[in-house]
Amino acid sequence: MEHLVQFYAIYGSLINFIGLNALLALSLNVTLAAGMLSLGNAAFAALGAYTAGILTVHYHLPFIPAIAAGAILPGLAAVVLGLPVLRLKGVFLAMATLAFGEVVRIAAVNLEITGGAEGLTGIPNVTNVWMIYLALALAAYFVAVLRRSQLGWGLLSIREDETAAACLGIPIFRYKLLAFVIGAMLAGLAGALYAHLNYLITPRDYGFFIAVDLLIYNIVGGTRAWYGPVMGAALLTALPEILRGIGVAAGPIRMGVNGLILLLVILFLPNGLASLINRPRAVTATPEASGQRA
Amino acid sequence: MNLFAQQLINGLFIGSVYGLFAVGYTLVFGVLDILNLAHAAVFTLGGLSALWLAQHAGWSIWIAFPAATMLAGLLGLLLNAVAFAPLRHRSDSQFSGLISSIAMAIVFEALSLGLFGARAVRFPAGTVKVHIWQLGPSVTITSLQVSIVAVVVLLMVALTLFLKRSRAGKAIRAVAENERAALLLGIDVRGIIAFTFFISSALGGAAGILYGLYFDSLGPDMGRSIELKGLAVIILGGMGSIPGAILGGLAFGLSEVLTVAISGTSNLRDAVAFMVLFAILLLRPSGLLGRARMREA
Amino acid sequence: MLEVDGLTVCYGPIEALREISFGVTQGTVVSLVGPNGAGKTTALNAISGLLPATQGRIIFQGRDITRMSSHQRVAAGIVQVPEGRLVLAGMSVHENLELGGYCRPRKEIATGIAQMESRFPILAERRHMLAGTLSGGEQQMLAIARGLMARPKLLLLDEPSLGLAPLMVQLIFEIISELQSGGQTILLVEQNARQAMAVSSHAYVMESGRIVLHGEARQLMADPVLIDSYLGGPSERSKDKQ
Amino acid sequence: MNLKVDTISQHFGGLQALSSVSFEVAPGAIHGLIGPNGAGKTTLINILSGLYRPSGGRVYYRQKALHRLRPHQIANLGVARTFQNIRLFPSMTCLENVQAAQHLIAGRPLLPQLLRLPAAGKEDRDLEAKARATLGRVGLDGKAAWLAKNLSYGERRRLEIARALAANPTLVLLDEPVAGMRRNEAAQVADLVRALAAGGMTILLIEHNMAFVMALCTMITVLNFGQVITTGRPEEIRSHREVIEAYLGREKSHA
């Protein structure tokens, strides 16, 4: 117990960030399950953070309802945004969600209620490590159940082949919208928790590069199961510390190693780190080897 | 009114640099249907290496410019060989290519950080002699601005003629149009794709040098500021369309300075641009000049 | 001129061609006929180098070209006019022809185009139009002319009559016989068996990735096995080699 | 009348892919749709499943107009299909491929499932048992946990059929169900199709393997250049002069 306390004293903020990043990565995982490349989840997190923060700072709402609002408002925003943009595909969807993210960021800079470029300060510091990990555990459980539900199979089938999915009676658009909204709500939750961890949120906290990071967590970890994005987020969030531990100084080398790891994963582990612990079923079997000739 | 005219001129110049950057971006997309997110990192390295050649090797900018441009082109070849060629026949090549280009962008950014340091730097004084012409009361234009536009125009004319007239240029268009047909015509498709990366990255590097000269400031993170704008520009102009990229670049540059001029603050500068981008995506996803090529992801 | 020996081609787990062997002699038209899905196009694509051979060899003018890349094969003189024509729709007719001569020295291209334009006057008329705006028959002529621009020693024609109106089909077959009398070696893939045989000296009948019948074109036309392989006659199944 | 195709036309740009195609398919029939390459067969299937909206004409299935519906609405009416080029969900398992298709018979709100309410548990097990039974029908019960992309070609075709059957359809459109299959596999598929028809299902199939078509189908419609040449019983089709010409080309004797 003594050691644990000491460990947390040193690495507490890292542990918190791993949890929050993993939650954000899971939020994108739901969208990616349907093959939607969204760069909007960082912006949904920002919406959640500002909503919850403003409610507690300016309106003195208790923590729990503020957090709930921080999840619900991004969900509503996702409906409004999703209705027009989910008809776009691939990089076009990515660009549209990216534009949305920029507009949210610029709005945060220019509005008074968000505290402008300096950010919103004085947010009560309520979030603690067990809340983050409780939220993460619930989200991971939810994603795991979703993956093995009718909705989960439907989303996967949309990613694999939209036309074939439609011919099976799957209402493509409704499912996509649902996944988009669920992702936005999880992201909002992460943002709301973050706001109450940190006293301060600024428009820079959830910019374009955070949106890209979420994507990287998923790719490095693997998108097939809930533990993929969690592993990716954990590894990449802790990587600077790990590299420091083995003597790699900050700066270019650490950054270069980061890039190389990502490159190696995409080239040699197309299904991410998760495929190291759980080999996809029957991948190694080569059925055509037997009896090709009649 | 004068302020307005001045802003218009400035917008034109910065817009032409955006356009040049975006042309390289859109060229790769037009041929391969892949977004190369390392383009901004090549832009940075191009600018920084020109600066290094001018400052430490003491070269004249007129030699350092083409040399650094070639260097950027070589980075493009590397990029293709490492991040794109190995993934080309994977079923999710569009998606995985996006990620591997992000990885290369990080590596390149680390490289520029390691080689050139983290601080913003500028070209040594007198790299280009700057004349200032007075066009009217408080409306000026500098010889640097004029040369930047001249270089951009020159490169665009050269690129257009190359694609329209030359054998290799036609081969690039054939590959963009239909890879299978190109193979059957005896075109070495792999070679042509590598060459496309070379040209695209060389143009990106050239844009980086001009950008550094114009703002008189370069740093390892300069690519970050233009990355988003470049994406916006090619969407605006139409993915894969070269005149579209130029037009989109100008439109973007003008919208930036005009928003500042009209609103009186720089806060809304990017907001207008991205709202326009958003509207374009919803109303005309193929962009201003793009063909309707909304392929599946 | 061309010898295909025991060629097997797979698409992933599917064997699209199973150990087929055939040859084309210089100056003749040989056709591969058979119903949809018999493997005819696969055979052409393997000869053009678009598909790798799993087994077997392809010999062209005495050289083993089995492992050669597709652009080297074009340079060696094997040119395919693909099914569906694949003209470069966004480029002009003139540019399409120019690219047809991609493997030839630059100075020969202008004369080559002049020859093609005199042979196919419609292409001269349409010189500056985008290839995508031509009618189906015109596109087919452009595709053939573009193939000829490379001065092929062996011309591979894949379903040149597909989707064309009967009059245009007639015209395309006339072009093929003209080419043949000019000494052009052609390997022709056609679904339209009767017309293909009429212009060919030799024919191979394919079915399910195999050659089930071959011989002189004139004689094959009368063979009931031909009709059976198209229309699934009762005798057909007994012909499978076990 | 079960399925009624009424003067369907389709053009893409200037190309007339189908012109005024009409025929009817009786309930419980195994109806073949044949014709040379480019005759418009797959185009017609795409119209029937809602992927294309026809340029003209109407399609009715059990008195309901299909030509105005979207693909998932048509699937809701009990119409399932397979694809010529096999469009499975390659990185899902065989079982998941079938389960994804059970959407229509699951018939329960998503929320209880997502929150793992007890009521959902039993239904989940029932559906899974049914999915496994469907795999068993096409002889893939041993491969439930395999990824679809690791199946052999014939197995993929059969999995696609299983997926089409997962939601208890009443009309199944099969686009080249035995293309590229070995003969014993094709015979298994033929037996399955016969069993389905005997159970009251209506089958419309495109196939190039003529021996298969002739032996299996009760009625055949022949298309050429987007038009119906004839509809009739297999023996009528085999001796039909125009059909032979459509496949082999005309005799050279004509002018």
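One table, with the values for the structure above:
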{"item": "Most fluctuating residue given options C:Ser21, C:Ser48, C:Ser200, as computed from a GNM of chain C linking Cα atoms under 10 Å", "result": "C:Ser21"}
{"item": "Environment charge of C:Pro160, counting only residues whose C-beta is closer than 14 Å and scoring Lys/Arg +1, Asp/Glu -1", "result": "-4"}
{"item": "Nearest 10 degrees, 0 to 90: helix A:150-160 Cα axis against chain A principal axis", "result": "70 degrees"}
{"item": "Chain D: DSSP helices with Cα axial extent of at least 27 Å and average Kyte-Doolittle hydropathy no lower than 0.5", "result": "none"}
{"item": "Per residue value of the accessible surface for chain D (all protein chains in place, 1.4 Å probe), Å²", "result": "40 Å²"}
{"item": "Cα gyration tensor category, rounded, prolate or oblate, for chain A with a/c compared to 1.5", "result": "oblate"}
{"item": "Solvent exposure ordering (accessible area, 1.4 Å, most first) of D:Thr43, C:Thr111", "result": "C:Thr111, D:Thr43"}
{"item": "Acute angle (nearest 10 degrees) that the helix C:136-148 long axis makes with the longest principal axis of chain C, alpha-carbon atoms", "result": "90 degrees"}
{"item": "Percent accessible area from carbon and sulfur atoms, chain D, protein chains only, probe 1.4 Å", "result": "51 percent"}
{"item": "Crossing angle, helix A:63-85 versus chain A [Cα axis fit, 0-90 degrees, rounded to tens]", "result": "50 degrees"}
{"item": "Buried area at the C-D interface (accessible, heavy atoms, 1.4 Å probe, summed, Å²)", "result": "2200 Å²"}
{"item": "Per-pair calculated FRET efficiency, R0 = 45 Å: A:Asn110 and B:Ala125 via Cβ, rounded to 0.05", "result": "0.75"}
{"item": "Counting DSSP beta bridges with both ends in chain D, the antiparallel % (nearest 5)", "result": "55 percent"}
{"item": "Contact order relative to length of chain B, as percent, for alpha carbon pairs under 8 angstrom and 6 or more apart", "result": "36 percent"}
{"item": "Restraint check, B:Lys170/C:Lys107; C:Lys40/C:Lys153; C:Lys40/D:Lys143, Cα-Cα greater than 23 Å", "result": "C:Lys40/D:Lys143"}
{"item": "Chain A - percent relative contact order, Cα under 8 Å, separation 6 or more", "result": "31 percent"}
{"item": "Residue-normalised accessible area of the range B:14-222, expressed per residue, 1.4 Å probe, Å²", "result": "38 Å²"}
{"item": "Assigned charges on the beta-carbon of Lys, Arg, Asp, Glu; the range A:2-279 dipole about Cα centre (debye)", "result": "580 debye"}
{"item": "Prolate/oblate/rounded label for chain C (Cα gyration tensor, a/c 1.5)", "result": "prolate"}
{"item": "Residues of type lysines that D:Lys64 reaches as a straight line, Cα spacing below 21 Å, ignoring anything fewer than 8 places off in the same chain", "result": "D:Lys4"}
{"item": "Beta bridges per DSSP with both ends in the protein assembly as shown, % antiparallel, nearest 5", "result": "60 percent"}
{"item": "Protein accessible area in the range B:149-297, 1.4 Å probe - carbon and sulfur %", "result": "64 percent"}
{"item": "Area buried, chain A against chain D - accessible surface, total, 1.4 angstrom probe, square angstrom", "result": "3300 Å²"}
{"item": "Additional length obtainable on full extension of the chain from C:Gln55 to C:Asp5, 0.36 nm per residue less Cα span", "result": "17.1 nm"}
{"item": "Heavy-atom accessible surface that B and A bury in contact, both chains counted, 1.4 Å, Å² to 100", "result": "3600 Å²"}
{"item": "Of A:Val129, A:Gly222, A:Val80, farthest towards positive along the dipole that unit charges on Lys, Arg, Asp, Glu beta carbons give the range A:2-279", "result": "A:Gly222"}
{"item": "Average accessible area per residue (Å²) across chain A - probe 1.4 Å, nucleic acids and ligands excluded", "result": "40 Å²"}
{"item": "Check: the range B:14-222 dipole with +1 on Lys, Arg Cβ and -1 on Asp, Glu Cβ, in debye", "result": "440 debye"}
{"item": "Summed residue charge, Cβ within 12 Å of D:Ala80's Cβ, Lys/Arg positive, Asp/Glu negative", "result": "0"}
{"item": "Cα gyration tensor shape of the protein assembly as shown, rounded if a/c is under 1.5, else prolate or oblate by comparing a/b with b/c", "result": "oblate"}
{"item": "Mean Kyte hydropathy of 0.5 or more with a Cα span along the axis of at least 27 Å, helices from DSSP in chain B", "result": "B:2-32, B:93-116, B:143-165, B:189-215, B:242-263"}
{"item": "Proximal aspartates and glutamates to D:Lys122, defined as alpha-carbon separation beneath 19 angstrom and excluding residues fewer than eight positions away on the same chain", "result": "D:Glu96"}
{"item": "Max mean-square fluctuation residue, GNM over chain D, Cα-Cα springs under 10 Å, options D:Thr134, D:Thr230, D:Thr82", "result": "D:Thr230"}
{"item": "Accessible surface of the range B:14-67, 1.4 Å probe, proportion on carbon and sulfur as whole %", "result": "69 percent"}
{"item": "Lysines whose Cα lies under 23 Å from that of A:Lys176, excluding same-chain neighbours fewer than 8 positions away", "result": "A:Lys89"}
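The values are calculated or read from the model by the stated rules, or taken from the named source; none is laboratory data. This is a predicted model, so every value here is computed, not measured. Methodologically, a virtual Cβ is constructed for each residue, glycine included, from the backbone with ideal geometry; neighbour enumeration extends over all protein chains shown. Accessible surface is based on the protein model in full, side chains and every heavy atom, while ligands, DNA and RNA are left aside. Shrake-Rupley method; radii C 1.70, N 1.55, O 1.52, S 1.80 Å.
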